[in-house]
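The structure under discussion appears below in the form of structure tokens.
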């Protein structure tokens, strides 16, 4: 049996909101250590890797490994029924064909229960764990979201170049071109505003703006985003959870 | 012109 209780429904809401426009359904793999998901979008360009560690939960038990096939649009509708501050418990028997979702209002004496029909999903998984990294940028997630939105107005591609002391985001299209350069910065009073850039090799990569638009839907999950880049390889965009992460692997665009 | 690659170009199937 699986039972996981979130201190606040808002966390699961944000996770599902960040995933649902990229993949319509995916398997949630539940083990005694927590819940993980790997899912690829229809065009096979963007991969989501989610890990919700056991410590994320107020209470967690999973007696036997369970795979829950979940339609994210339907899941989003049901968890949207709870208030952000409610306790949210997900519950499934070992051979369940539904997932129980329970909201508890912390002030009123009110409990709401829902059942979500589970799906049988054939997923083919990719081996993404052994990636090397040439450059790592950590910056405020809201800043990264704004850069992606602003550059998308110019072009369907965003070029990221990283040198020793700066990262440059640029786009060029029919109406014109634009660029944003960021440099490392330590803000002691507001550590969430700090920017770090570490580099083994210079980077010059281009990514599709529409996929970056999907990635920045995770912005509310974390004040920071870490971008790991390797020349001629997919970029990794990581939003940390209180215990775990939501990562996106995005295949680059190459010159023909 | 840049061509969009897919993840299968980089990662083996598990």
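Structure notes:
- Residue selected from the range A:178-203 under the condition in contact (Cβ under 8 Å) with a residue 60 or more places away in the chain and part of a strand (DSSP E or B), by the criterion nearest to residue A:233 (Cα to Cα): A:203
- Any chance residue A:98 is closer than 22 Å to residue A:220 by Cα, more than 14 Å from every other protein chain (Cβ to nearest Cβ) and surrounded by 14 or more Cβ atoms within 10 Å (Cβ to Cβ): no
- One residue stands out among those in the range A:234-256 that are at the interface with another protein chain (Cβ under 9 Å from one of its Cβ atoms) and over 13 Å from the mean Cα position of the chain (by Cα): the one that is modelled with the lowest pLDDT, which is A:256.
- Selected residue [buried (at least 18 other Cβ atoms within 10 Å of the Cβ) and either within 14 Å of chain B (Cβ to nearest Cβ) or in contact with a helix residue (DSSP H, G or I) (Cβ under 6 Å, 6 or more places away or on another chain) (or both)] from A:66, A:79, A:35: A:79
- Yes/no for residue A:231 being within 14 Å of chain B (Cβ to nearest Cβ) and surrounded by fewer than 19 Cβ atoms within 10 Å (Cβ to Cβ): yes
- Checking A:175, A:147 one by one, the residue that is surrounded by 14 or more Cβ atoms within 10 Å (Cβ to Cβ) and either in contact with a strand residue (DSSP E or B) (Cβ under 6 Å, 6 or more places away or on another chain) or assigned to a loop (DSSP other than H, G, I, E, B) (or both) is A:147 and no other.
- Filtered residues of the range A:129-144 (kept if buried (at least 19 other Cβ atoms within 10 Å of the Cβ) and within 11 Å of chain B (Cβ to nearest Cβ)): none
The values are calculated or read from the model by the stated rules, or taken from the named source; none is laboratory data. The shown structure was predicted, so the numbers you read here are calculated from the model rather than taken from an experiment. Quick reminder, even Gly has a Cβ in these numbers, built from the backbone with ideal geometry, and neighbours come from all protein chains shown.
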